[in-house]
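Visitor: There's a structure below that I have some questions on.
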Amino acid sequence: MNALFDLLNDRERRTLVRIGLAALILLVAFLVLFVRLRGGLEKERTASFRVHETMQKTVQARDQARADWRLWEDAGRDLAELRASYFYEEGSAVQVLLRQDLQRIFALAGTTITDLDYGYSELEKEQVRKTLVTFTFTGTYAGLKKLLAAIEAFPKFLVIEKVEFPRTSSGGERLSAKLTLAGYYGI
């Protein structure tokens, strides 16, 4: 290689050195640009991956929010059905409707009860009002069982809040039970 270099004159040698230096400078510039570009691409790839992850989380959050919204809509429909079918209407004469419903229940149970005492209370936290009806049942155990079954099967939301047996005796005598029912309205 030195022999080949010796064949060149000074001017050709300087030109060759300059070309070599220019090639070396271009190679260094290319390497610097390559490293920077590669680092930039890695940063962009990482940023793109983060954006993709964020987008997936956002899509999942959106889908979850839609599912939650559907659940709330279903709950609203259920609440509307409860209001319409199981609770008494607030604006109507609740005592009259409740009395009529109780007469139907007593007829289904095959008993008559006339001494109905009404009480009213308001549950502020639940935004519900209730009417308490207290009456005394006198009859057989089978009759009481039939009355409780009729109350339980009735479509309106009537709750047996209390059952008291003031007198109990053996020997198949008639039993006496004081029942307190609650009818709800204003939900």
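Visitor: Of 4, 71, 8, 16, which residue is outside any helix (DSSP H, G or I) and without any contact (Cβ under 8 Å) to a residue 60 or more places away in the chain?
Guide: Every option except 8 fails the conditions.
Visitor: Looking at the structure I just gave you, is residue 131 modelled with pLDDT of 85 or more, surrounded by 11 or more Cβ atoms within 10 Å (Cβ to Cβ) and not assigned by TED's automatic domain parsing to the domain that holds residue 76?
Guide: no
Visitor: In region 110-150, how many are in contact with a helix residue (DSSP H, G or I) (Cβ under 8 Å, 6 or more places away or on another chain), in contact (Cβ under 8 Å) with a residue 24 or more places away in the chain and part of a loop (DSSP other than H, G, I, E, B)?
Guide: Going through region 110-150 one residue at a time, the tally reaches 3.
The values are calculated or read from the model by the stated rules, or taken from the named source; none is laboratory data. In this text, all values refer to a predicted model and were calculated from it rather than measured experimentally. Backbone-built Cβ (ideal geometry, glycine too); neighbour counts: all protein chains shown.
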